[in-house]
Amino acid sequence: MKSHKHHPIQVVWPAGQKAICRHDDLVVHGAVVVQSRVAHRLTMDSGWVILVEPQSALGARLSQLLGNQAMIALQELPAATPLIPSAEDDPAAHLGGLFGALDMKQEFLAQSTGDTASTVADERLRTLLRELDECLSGACLKPAGWRAVEVARSLSLSEGRFLHLFREQMHIPWRPYVLWRRLICAINALAQGASATEAAYGAGFSDSAHLSRTFKSLFGLSIREAGGLFS
């Protein structure tokens, strides 16, 4: 996996300790938490990679745990090796022990039910994020509805005010954030059996090549290399 970075905080829980995560000269073996938008490279045979919205309650707790560090090793974890789920399994059943050991089970359960806007103060943005969360259950918004000028109008804001407010409260500009959300929609479509072309157009990418480039820049590997994740 090549060096990459993305908006979510990343939690890695490997099967055994067979994982290595690198950031510049820092190397961590085993379970690790990587801060949002920190470039890193992960090598792991099997295990969990959990991506957490930084503005969720769970993201806030993980950021507190990280402090000013780019990434940290996790020490006090369940002794049992994490089980790799099937597509029908509820991830919460597998990961409750992990976040329970970190004293974050309540926040994890809130995140797993779609509450990803807990630390966002503006209610208009919280409403927008809840609408975007619908993509996580497969009911994606039309890509045209994600244009900043139209989103701003729906919130009774000017485009400039919306873009400033979003960046202020989410700590990321609207355009890269919505690109991340589109990628989530495309991944969901791939997992449901869509072709790369179908997933790309459905999530608002110009073509499958655009989707592939975005996927690789944010995950450090190609869609083809990640093939097993979508089966």
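The values are calculated or read from the model by the stated rules, or taken from the named source; none is laboratory data. This is a predicted model, so every value here is computed, not measured. Cβ coordinates were reconstructed from backbone atoms using ideal geometry, including for glycine residues, and neighbour counts include every protein chain displayed. To get the accessible areas, we keep the full protein, side chains included, count just its heavy atoms, and leave off ligands, DNA and RNA. Shrake-Rupley method; radii C 1.70, N 1.55, O 1.52, S 1.80 Å.
Evaluation of Ser118 against the conditions (1) among the small types (Gly, Ala, Ser); (2) at pLDDT below 75; (3) out of contact with any Gly (no Cβ under 9 Å at 6 or more places or on another chain) shows that the sole unmet condition is (3). Considering the conditions (1) at pLDDT 85 or above; (2) open to solvent by less than 20 Å² (accessible area, probe 1.4 Å); (3) assigned to a loop (DSSP other than H, G, I, E, B), Pro82 is excluded by exactly one of them, (1). Residues of region 9-56 that are surrounded by fewer than 14 Cβ atoms within 10 Å (Cβ to Cβ), more than 15 Å from Ile72 (Cα to Cα) and either among the β-branched types (Val, Ile, Thr) or in contact with a Leu (Cβ under 9 Å, 6 or more places away or on another chain) (or both): Thr43 alone.
The single condition from (1) modelled with pLDDT of 90 or more; (2) among the polar types (S, T, N, Q); (3) under 23 Å from Leu183 (Cβ atoms); (4) over 18 Å from the mean Cα position of the chain (by Cα) that Asn68 fails is (3). Of all the numbered requirements in (1) modelled with pLDDT of 85 or more; (2) farther than 23 Å from Ala73 by Cα; (3) open to solvent by less than 20 Å² (accessible area, probe 1.4 Å), Met104 misses one, and that requirement is (2).
Checking each residue in region 151-187 for being acidic (Asp, Glu) and out of contact with any helix residue (DSSP H, G or I) (no Cβ under 7 Å at 6 or more places or on another chain) picks out only Glu168. Among the residues making up region 180-230, a single one is exposed (fewer than 13 other Cβ atoms within 10 Å of the Cβ) and touching a residue at least 40 places away in the same chain (Cβ under 8 Å): Gln192.
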